[in-house]
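Below you'll find the structure, written out as structure tokens, and then a few comments.
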Amino acid sequence: MRTMPTILAAVLAAASVAGGGAAWAASDEARQGDMGRGAQVWVNNCNRCHEYRDPKEFRDGLWRPIITHMRIRAGLTGQEARDVLRYMQESN
């Protein structure tokens with residue numbers, strides 16, 4: 001009789017780990033940003049005040065503080081800022 005609860009516990013533990021792995025992958029993707037969404041945010045927000053900037057104008061490491069500063073000024077969400085950062089770095 002104890003075998004069934006043990007099997008059930010093992011199945012639930014495996015499902016929990018698998019679900020956590022999917023959540024980890026999704027959160028990792030969000031942390032990295034999405035290039036396509038970043039391009040769209042650039043067009044809809046950044047481009048209102050700035051003419052198109054060549055992503056090669058700054059090295060990858062310099063885009064992060066620029067985007068962080070402009071995130072506050074433009075009222076972008078954290079995700080939008082990560083997306084724009086990814087777009088600028090990948091286009092570099």
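The values are calculated or read from the model by the stated rules, or taken from the named source; none is laboratory data. All values reported here derive from a predicted model rather than from experimental measurement. Virtual Cβ from ideal backbone geometry, glycine too; neighbours counted across all protein chains shown.
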State whether the residues of segment 69-78 include one that is within 13 Å of the chain's Cα centre (by Cα) and not aliphatic (A, V, I, L, M).
yes
Cross-chain or 6+ apart pairs with Cβ under 9 Å, segment 72-85 first and among the β-branched types (Val, Ile, Thr), then surrounded by fewer than 20 Cβ atoms within 10 Å (Cβ to Cβ) and not in a helix (DSSP H, G or I):
VAL84/ASN45; VAL84/LEU76
Out of the residues in segment 60-92 that are of a type in the set (Val, Ile, Thr) and outside any loop (DSSP other than H, G, I, E, B), which is farthest from GLY36 (Cα to Cα)?
ILE72
Starting from residues that are assigned to a helix (DSSP H, G or I) and exposed (fewer than 10 other Cβ atoms within 10 Å of the Cβ), keep the ones in segment 37-59 and report whichever is modelled with the highest pLDDT.
ARG48
